[in-house]
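The values are calculated or read from the model by the stated rules, or taken from the named source; none is laboratory data. The structure presented is a predicted model; accordingly, all values stated were derived computationally and were not measured. As a convention, Cβ positions derive from the backbone with ideal geometry for all residues, glycine included, and neighbour counts pool all protein chains shown. Each accessible area value is taken on the protein alone, full model and side chains, heavy atoms only, with ligands, DNA and RNA left out. Shrake-Rupley method; radii C 1.70, N 1.55, O 1.52, S 1.80 Å.
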Amino acid sequence: FFFQASNPGQFENDSDAVWQRGQVPEAIAYHGRVGINTDAPDEALVVCGNAKVMGRVMHPSDSRAKQNIREVDTNEQLRRITQMRLVEYDYKPEFASVMGIKNT
């Protein structure tokens, strides 16, 4: 999906995608997948390249989203880790090239 902004808030695109004003004046909304430097995003937002964040990245996996938090038996957890299948790999050259990965 590609778009050009000719005026802030006005988008010309080559698909039927609809960008809408958000609930607050400075927001826009799109219901679907958005790709930056890719035309085949497989998640809600895919950025192929570096991203600079000038604030915090919020993730709902903190203590405010959980209950019944308790300590675990360290020895049991280490035993379970030793049962995990660990692998090393190299990216396929065609994938690395498309994704901009230099160290495969």
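All but one of (1) part of a loop (DSSP other than H, G, I, E, B); (2) modelled with pLDDT under 90; (3) open to solvent by 100 Å² or more (accessible area, probe 1.4 Å); (4) not aromatic (Phe, Trp, Tyr) hold for Ile101; state the number of the condition that does not hold.
(3)
Could you look through segment 43-52, keep only residues that are of a type outside the set (A, V, I, L, M, F, W, C) and open to solvent by 100 Å² or more (accessible area, probe 1.4 Å), and pick out the one that is nearest to the chain's Cα centre (by Cα)?
Only one residue tops the list, namely Glu43.
With Asp73, Asp62 as the choices, which residue is out of contact with any Gly (no Cβ under 7 Å at 6 or more places or on another chain), surrounded by fewer than 10 Cβ atoms within 10 Å (Cβ to Cβ) and at pLDDT 85 or above?
Asp73
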